[in-house]
């Protein structure tokens, strides 16, 4: 029995890296959106430019379930290297679309799935002579064929082609031709579409489709960042590049053509954060973006920022471990690294955006927080949010909003004789006033050091002075709790002793899982944590439940550790649910894990396709 | 208190400069370095240079890394903001500070451990970017604060106080700076104030990456026989290429010199560098010839000092980045946040 579904299925493309499939696959995903149906597309790619396997998974969900579901309903198998695993991943009753130019033995197929073979290479070779064209247009041809098979409107794809190649009219014609070749071949070969169908809808609404890195970079523009220093590292590179592009459009003085920003590609991550710290010390809003290995290298400066109390913003686009390979896969594995970065007693505020819309919000907010708290703020993205396009609410900005520059003593205040002690807690919130270099001819200058100074920044190695300063820094961290965005609760349908805490890119899969559990009469209250230090609401939530699952995409349950350590929570109460194989966590995985523990058995497989 | 309070008494006859400041107004805290340390002479030269330049103290920011030399910014220009950053990373911090406010003068103070070893990369990259700064290395060939280990500028054959002979090649920061595109390169000696003060003045007035390598003997760990960074050794091998008089913008040039004896170089800000040549074939505005000359003399065992290279019309990092003239740290919210209408247009492009 073949799967049937409307506007609710998973299509996965298996390709060879560097074969030009990315733009064709992207066009496929965008055409779904243009039909008004929510889509989530995830690129699973190797640390390689050409030759290694790459996948593109498209979740189509009119209900707006945009996390990874798990499983594949329609596999577009274009890579012989991964054929066996790709075929094996198809749901029973699902569809296998492949290039049938070369015959394959029956042993290469499954009997419980629908096989859709189209001789793509043969069609391509007949139509094109240039080898590169043959390769590129093969991708467009399969998009045309799929459009016929699942019912994507011809006009939608044609419009996308025209938008994409607007400046190159020659390419418009040839791409339209290739789409037509695929559509016609599929119609002639199969005569009818398959059971998975697209139908025009209004479910997308005013939502936008954007990568988290682009959104975070735009947030930095709106948050007033003027200095960006960075070093290329996957998956954060596109954040710096997006900032550059946004600034070229939004921050060039129209009268003079001069830049209201400075972007430096530094020699390494250490210099990047050094430049940020220097700029922050001197009153410019500055950031760097990096990933785990870069955070490792920045440790010393992050500590300096903590002790010398210098505003800085770091976007950490998290990925798998060191060296090559897993670096192109997603994880949430830098939580402890960032929270406790550096030597000595240090801890730092973290923000956990759930999607690109929040990447924008937190991208701007981080600069206010950095100035207000005079310390490093980490914005914790991951590869899944950062490098994939997500459907999310549109960006919003209140034109009445003022940037919060925190406590900076001005010339007038100094001139009026106001007492200035760089490390003096005048308001009881642990935050002292700072001055910027050049402010006043003979007042307000001070000598910045890591530690060993008194509240007036005079050199001191006295123990009591050191302790006094460290306790003030704790008071400041306490103040931070009220400034970090509060968690968002998602209560179960019924009162329950069970809760679940989650954060960041896990959110859409988690929400789907909570819906599935609720539907199954397994009730769990959800709480999405949005930052560290944890607000009181987080601890209240834990206190109000008997068991709290903590869902994360790392091996060591790092957020759980942070909750235990900072909140003094009994470890037995916090149950880790950990998906960290490098692909974004799925709703099925979370549902299975929670069900298993709550019922002591594995739940029956979820129906794969909506009735 | 673990710092020493400096009495605020002034000698009544102290001469004020053009801004009405006396030399004392450019001083800092009492030095905690060893008595006789070359670094204190360099601090004194910086104070003298700032005083003579009529520099408003708060318009200069002083930055350093870690080490004896990096402690010194606390001992001069007490009315300037200072930043004792982390080991070997002063150049990046200075770069960021400079990006934030292009209107201030940036003085980076470092040592041979700080700049030639752990910080060699940042030294190189800040110079090749043309950061507008004065970068002084107080070079004593030894790690002082950790008590006498060789640094990367120690010459091969040089003997440590404990009698260990260095076999590693030394890093010549002046040669590197020239090769990396510094637009002002000088070397001097802490014991030669007459040479050093005009060089510091010229460097502070220079636009672009100005580098001064100052040999500054460590009286405690590197001033013995067998060291090539001792007072005696440097005096004996010092080969000055020229003597510099720094003439401020708009000052009248009065003295007359025979042609060939003197070269006048006008810097970007109008200041004039009057170079009295001591080595007749030396051409300090030609980078290639300067590099060759330097190599030649060093091969003879001479310590080449003086203004070794200057490009009076150099561009800096802000020129390369084409940044606005208003300091970035003074841009208003309106100048920074593009507003909701622009954001709506961006939203539309993402549908």
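Every number in this text was worked out from the coordinates using simple rules, so none of it is lab data. If you're wondering where the values come from, they're calculated on a predicted model, not measured in any experiment. Positions of Cβ are backbone-derived with ideal geometry, glycine not excepted, and every protein chain shown enters the neighbour counts.
Averaged over all directions, how much area does the convex hull of the C-alpha atoms of region A:106-246 cover when projected, in nm²?
Values: hull surface 54.0 nm².
Hull-based average projected area comes out at 13.5 nm².
Kindly give Rg over Rh for region A:4-111, based on alpha-carbon atoms, with the Kirkwood expression for the hydrodynamic radius.
Working: Rg = 14.0 Å, Rh = 14.5 Å.
Rg divided by Rh gives 0.97.
Scaled against the 2.2 N^0.38 Å expected of a compact globular protein of N residues, the Cα radius of gyration of region B:93-181 reads 1.22. Counting beta carbons within 10 Å around each of A:137, A:45, A:395 and listing the fewest first gives the order A:45, A:395, A:137. Modelled label positions at residue A:100 and residue A:546, each set 7 Å beyond Cα in the direction of Cβ, lie 5.7 nm from each other.
What's the exposure ranking of A:285, A:162, going from fewest to most Cβ atoms within 10 Å? Please list the in-between numbers first.
Numbers: A:285 29, A:162 13.
In increasing order of surrounding Cβ atoms, one gets A:162, A:285.
Expressed as a whole percent, how much of the Cα-Cα distance distribution for region A:325-444 exceeds 22 Å? Tail of P(r) above 22 Å: 53 percent of Cα pairs. The spacing between region A:262-280 and region A:324-391, judged by their C-alpha centroids, is 18 Å. Provide the FRET efficiency to the nearest 0.05 for the residue A:184-residue A:134 pair, computing r from the beta carbons and using R0 = 22 Å. Taking R0 as 22 Å, the efficiency between residue A:184 and residue A:134 is 0.75. So what's the gap between the Cα centers of region A:440-492 and region B:105-182, to the nearest angstrom? If you average the Cα positions of each part, the centres end up 34 Å apart.
I'd like the FRET efficiency for residue B:161 and residue B:295, computed as 1/(1 + (r/R0)^6) with the beta carbon distance as r and R0 of 22 Å, rounded to 0.05.
On the way: r = 30 Å, r/R0 = 1.36.
After rounding to 0.05, the efficiency reads 0.15.
Applying the Kirkwood pairwise sum to the alpha-carbon positions of region A:200-292 produces a hydrodynamic radius of 14.2 angstrom.
Would you mind calculating the relative contact order of region B:106-251 from Cα pairs under 8 angstrom and at least 6 residues apart, reporting the percent as a whole number?
Working: 274 pairs, mean separation 37.6, N = 146.
The normalised contact order for region B:106-251 reaches 26 percent.
Helix A:587-599 and the longest principal axis of the Cα set of chain A meet at an angle near 70°.
Treating chain B as a set of equal point scatterers at the Cα positions, no solvent, please give the Debye-formula log₁₀ I(q)/I(0) at q = 0.10, 0.11, 0.12, 0.13 Å⁻¹. Evaluating at q = 0.10, 0.11, 0.12, 0.13 Å⁻¹ gives log10 I(q)/I(0) of -0.61, -0.73, -0.86, -1.00. Relative to the current alpha-carbon distance between residue B:243 and residue B:193, full extension at 0.36 nm per residue lengthens the span by 16.8 nm.
FRET efficiency for the residue A:572 to residue A:466 pair, using the beta carbon distance and R₀ = 51 Å, is estimated at 0.85.
Relative to the longest principal axis of chain A, what angle (0 to 90°, nearest 10) does the C-alpha long axis of helix A:131-150 take? The angle comes out near 80 degrees.
Counting beta carbons within 10 Å around each of A:132, B:59 and listing the fewest first gives the order A:132, B:59.
Please compute the average number of Cβ atoms from other chains found within 10 Å of each residue's Cβ in peptide B:59-65.
Taking all residues of B:59-65 together, the mean is 3.
For chain B, relative contact order (Cα pairs under 8 Å, six or more residues apart, normalised by length) works out to 15 percent.
The mean number of partner chain beta-carbon atoms within 10 angstrom of a residue's beta-carbon across peptide A:243-252 is 2. Neighbouring Cβ atoms from other chains, within 10 Å of the Cβ of residues in B:339-346, number 6 on average. Helical runs assigned H by DSSP (4 residues or longer) give chain B a calculated mean residue ellipticity at 222 nm of -8000 deg cm²/dmol, each run adding -39500 (n - 2.57) before division by the residue total. Quick check: the angle from helix A:154-164's long axis to the longest principal axis of chain A, C-alpha only, nearest 10 degrees? Between the helix axis and the principal axis of chain A, the angle is about 40 degrees. The gain in end-to-end length when the residue A:418 to residue A:442 segment is fully stretched comes to 7.3 nm, 0.36 nm per residue minus the alpha carbon separation. The equivalent ellipsoid that matches the C-alpha gyration tensor of region B:1-120 spans semi-axes of 25, 18, 12 angstrom, in descending order.
In chain A, the DSSP-assigned H stretches of four residues or longer account for a calculated mean residue ellipticity at 222 nm of -12000 deg cm²/dmol, using -39500 (n - 2.57) per stretch and the full residue count as denominator.
Model label sites at residue A:337 and residue A:81, defined 7 Å from Cα along the beta-carbon direction, differ in position by 2.6 nm. Placing a label point 7 Å from the Cα of residue A:109 along the Cα-to-Cβ direction, the residues of region A:1-22 whose backbone N falls under 16 Å from that point are A:1-3.
The shape of the protein assembly as shown can be summarised by an equivalent ellipsoid whose semi-axes, obtained from the alpha carbon gyration tensor, come to 60, 33, 25 Å from longest to shortest. With each label modelled as a point 7 angstrom along the Cα→C-beta vector, the residue A:407-residue A:252 pair spans 4.2 nm.
Looking at chain A, the DSSP beta bridges with both ends there are about 35 percent antiparallel.
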